[in-house]
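Q: To start, I am sharing the structure in question, which I have written as structure tokens.
The values are calculated or read from the model by the stated rules, or taken from the named source; none is laboratory data. Predicted, not measured: the structure shown is a model, and the values here were computed from it. Don't worry about glycine lacking a Cβ; one is built from the backbone with ideal geometry, like all the others, and counts go over all protein chains shown.
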Amino acid sequence: MKIAVAGTGYVGLVTGVCLASKGHEVTCVDVDENKVKIMKNGDSPIYEPGLSELMKEHKNNLVFTTDYEEAYREAEVIFIGVGTPEKQDGSANLSYVFEVAKQIAQTVQRDCVVVIKSTVPIGTNDKIESYIRDKQKNKDVCIYVASNPEFLSQGTAVKDTLCASRIVIGVEEVFPGEVLKKVYEKFDVPKLIVKRRSAEMIKYASNDFLALKISYINEIANLCEIVGANIEEVTEGMGYDARIGHRFLNAGIGYGGSCFPKDTKALNWLANFNDNEIRTIRAAIEVNENQKFKLIKKAKKYYDDFLFLNVAVLGCTFKPGTDDLREAVSLVNVPLLLEDGANVRIWDPVGMENFKKKYPNKIQYCNSIEEAITDADICLILTEWEEIKNFDLRKYEKLMKKPIVLDGRNCYQLEEVKKTNITYDSIGRYTVNPQ
Ligand SMILES: NC(=O)c1ccc[n+]([C@@H]2O[C@H](COP(=O)([O-])OP(=O)(O)OC[C@H]3O[C@@H](n4cnc5c(N)ncnc54)[C@H](O)[C@@H]3O)[C@@H](O)[C@H]2O)c1
């Protein structure tokens with residue numbers, strides 16, 4: 001089928017490339033000329049495992065352009081995958097989605113289905129459909145709007161798309177549902193056809209449930225530290241209960257990324273807007289805000305302040321497997337360290353280029369974990385990269401000025417750390433070699 005995709009971020013580009021891999025003719029549109037240039041050269045502008053390879057393999061089915069008119073005019077299906085960032089008041093900023101809707105209304109020359117993949121508040125699909133039908137230049141064509149929320153995770157986005165847990169299709173009429181079934185014909189995964197508002201709600205309710213699970217386990221972890229239980233033993237014991245499961249039970253210094261923070265706030269905003277409190281989600285947001293500062297608070301046990309201290313920061317992306325820094329805990333912790341007068345050295349396998357754009361000076365960017373920790377007075381682990389998990393613990397002891405490691409992601413087994421002289425403080429577990 002002839003498909004256009006608006007937005008080539010983590011969602012749009014992965015969607016476009018995966019659809020091309022199933023034989024569709026896909027044109028990906030972005031307003032960012034630089035991104036389009038990179039993609040035209042056959043490269044991916046974002047780091048996502050397997051994406052570049054798939055792009056190259058299916059290049060004959062893929063076109064990249066900034067020319068939306070050309071892309072939308074004759075498309076049978078147009079996916080919208082542009083950003084819906086958080087506004088000051090917590091609500092979702094829909095201006096990018098409406099901008100694409102306007103462009104579609106002005107250009108479309110054949111019957112088509114506009115598919116909203118961006119995460120949008122409940123009722124937005126209805127508004128987009130009315131907006132397009134009101135503004136459409138060619139009144140002879142029929143434009144339908146369908147909701148098709150995206151559930152991929154950054155770092156496993158290609159796999160999550162090709163082997164999706166489910167494809168949710170929200171429609172008000174039969175025709176757009178049939179078109180989307182055809183689009184996803186070759187995806188052998190569960191498909192669920194629901195009303196548009198339900199589809200929109202499935203997305204928020206799913207993300208917010210996961211955020212809630214994380215905040216819940218982080219609170220349990222904080223209590224474990226106080227009462228002398230070990231969060232890893234606790235979650236192992238909990239996870240065997242099939243009603244709970246082991247996933248998303250890893251205690252840490254809070255969630256980040258482009259989805260959970262904004263989607264919890266957006267649902268909270270939507271509830272308030274409708275005079276309906278959603279207290280569980282509000283609690284998840286508050287817990288997460290506090291959890292981000294857990295390592296800085298722990299550091300105060302070892303030093304009064306960070307003035308002139310060499311602080312090694314391992315990991316700056318919001319999670320492993322991505323170069324994305326959006327809402328990463330590093331973005332609130334590193335400024336505090338700098339403000340306090342620390343010499344900050346950062347190591348991250350893929351995130352440093354993006355971090356450098358925000359902090360070009362003042363920080364020493366390191367090519368290896370060894371370089372970051374050499375002569376360090378303290379080390380903070382913010383992201384659980386495999387390289388960090390597999391790092392030889394004895395090197396902390398050997399290279400650091402004082403081997404104090406504060407691990408916000410529980411990368412190491414306590415039994416292993418006990419074999420060293422490292423002072424190791426993690427989340428929800430006792431401190432090894434306390435000072
Ligand atoms: N990132 C995720 O893991 C994820 C997962 C599920 C759902 N979502 C949702 O999907 C949406 C997109 O997220 P993302 O992370 O891919 O965003 P992103 O910021 O990575 O990408 C958005 C892209 O849209 C482009 N754009 C903006 N206006 C445009 C226009 N008028 N025409 C064409 N392109 C335009 C931008 O230049 C950018 O490249 C959001 O609503 C998000 O909540 C994201």
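Q: Is segment 190-199 home to any residue that is in contact with a Pro (Cβ under 8 Å, 6 or more places away or on another chain) and closer than 28 Å to T280 by Cα?
A: yes
Q: Oh, and also: Out of the residues in segment 95-117 meeting the condition of being crowded, with 18+ Cβ neighbours inside 10 Å and assigned to a loop (DSSP other than H, G, I, E, B), tell me which one is nearest to the ligand (Cβ to nearest atom).
A: K117
Q: Okay, next question. Condition first: in contact with a strand residue (DSSP E or B) (Cβ under 8 Å, 6 or more places away or on another chain) and within 10 Å of the ligand (Cβ to nearest atom). Now tell me which residues in segment 78-94 satisfy that.
A: Listed by number, the residues that qualify are I80, G81, V82, T84, P85, E86, A92, N93.
Q: So, one more: Could you grab me the full set of residues in segment 141-176 that are within 11 Å of the ligand (Cβ to nearest atom) and of a type in the set (F, W, Y)?
A: F151
Q: Can you tell me which residue is farthest from T107 (Cα to Cα) among those in segment 1-43 that are more than 12 Å from the ligand (Cβ to nearest atom) and basic (K, R)?
A: Out of the qualifying residues, it is K22.
Q: Go through the residues of segment 126-140 one by one and say whether even a single one is surrounded by fewer than 13 Cβ atoms within 10 Å (Cβ to Cβ), acidic (D, E) and away from the ligand (no atom under 16 Å from the Cβ).
A: There is at least one residue in segment 126-140 that is surrounded by fewer than 13 Cβ atoms within 10 Å (Cβ to Cβ), acidic (D, E) and away from the ligand (no atom under 16 Å from the Cβ).
Q: Here is a further query. Quick one: I253 ticks every box in (1) assigned to a helix (DSSP H, G or I); (2) under 21 Å from I427 (Cα atoms) except a single one, so which number is it?
A: The one condition I253 does not meet is (1).
Q: Okay, next question. What residue, among those in segment 101-152 that are in contact with an Asp or Glu (Cβ under 9 Å, 6 or more places away or on another chain) and of a type in the set (F, W, Y), is nearest to A271 (Cα to Cα)?
A: So, considering only residues that are in contact with an Asp or Glu (Cβ under 9 Å, 6 or more places away or on another chain) and of a type in the set (F, W, Y), the one nearest to A271 (Cα to Cα) is F151.
Q: Suppose we filter A71, A75 for residues that are hydrophobic (A, V, I, L, M, F, W, C), modelled with pLDDT of 95 or more, more than 10 Å from the ligand (Cβ to nearest atom) and under 30 Å from E200 (Cα atoms); which single one remains?
A: A75
Q: Within the bounds of segment 44-51, is there any residue that is aromatic (F, W, Y), more than 10 Å from the ligand (Cβ to nearest atom) and under 17 Å from S153 (Cα atoms)? Please lay out each step first, then the result.
A: Within segment 44-51, the subset aromatic (F, W, Y) is 47.
When the remaining residues are screened for being more than 10 Å from the ligand (Cβ to nearest atom), the result is 47.
If we keep only those that are under 17 Å from S153 (Cα atoms) too, we end up with 47.
Yes: segment 44-51 contains one or more residues that are aromatic (F, W, Y), more than 10 Å from the ligand (Cβ to nearest atom) and under 17 Å from S153 (Cα atoms).
Q: Let me ask something else about it. Could you say whether any residue in segment 314-334 is among the aromatic types (F, W, Y) and buried (at least 21 other Cβ atoms within 10 Å of the Cβ)?
A: yes
Q: Within segment 223-246, is there a residue that is of a type in the set (A, V, I, L, M), surrounded by 21 or more Cβ atoms within 10 Å (Cβ to Cβ), within 16 Å of the ligand (Cβ to nearest atom) and modelled with pLDDT of 95 or more?
A: No, segment 223-246 contains no residue that is of a type in the set (A, V, I, L, M), surrounded by 21 or more Cβ atoms within 10 Å (Cβ to Cβ), within 16 Å of the ligand (Cβ to nearest atom) and modelled with pLDDT of 95 or more.
Q: Any idea how many residues of segment 271-308 are crowded, with 21+ Cβ neighbours inside 10 Å, more than 19 Å from the chain's Cα centre (by Cα) and among the aliphatic types (A, V, I, L, M)?
A: Result for segment 271-308: 2.
Q: Pick out the one residue from N354, N361 that is over 18 Å from Y424 (Cβ atoms) and crowded, with 17+ Cβ neighbours inside 10 Å.
A: Working: N361 fails: crowded, with 17+ Cβ neighbours inside 10 Å.
Answer to the selection: N354.
Q: Quickly run through segment 23-52 and pick out the residues that are among the hydrophobic types (A, V, I, L, M, F, W, C), surrounded by fewer than 18 Cβ atoms within 10 Å (Cβ to Cβ) and farther than 26 Å from E76 by Cβ.
A: Within segment 23-52, just I38 meets the criteria.
Q: Within segment 256-275, which residues are in contact with an Asp or Glu (Cβ under 8 Å, 6 or more places away or on another chain), part of a loop (DSSP other than H, G, I, E, B) and either modelled with pLDDT of 95 or more or away from the ligand (no atom under 12 Å from the Cβ) (or both)?
A: Passing the criteria: G256, G257.
Q: Here are some residues: F64, F79. Which one is without any contact (Cβ under 8 Å) to a residue 60 or more places away in the chain and hydrophobic (A, V, I, L, M, F, W, C)?
A: Exactly one residue qualifies, and that residue is F64.
Q: Would you kindly identify the strands (runs of 3 or more DSSP E) lying entirely within segment 123-207 that contain at least 2 residues that are small (G, A, S)?
A: 143-147
Q: Further question on the same structure: Please give the helices (runs of 4 or more DSSP H) falling wholly within segment 1-94 in which 2 or more residues are under 26 Å from T317 (Cα atoms).
A: 10-21, 33-40, 51-57
For (1) within 17 Å of the chain's Cα centre (by Cα); (2) closer than 20 Å to T156 by Cβ; (3) among the small types (G, A, S), each residue gets a yes or a no:
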position	(1), (2), (3)
T322	yes, yes, no
E339	no, no, no
G351	yes, yes, yes
C366	no, no, no
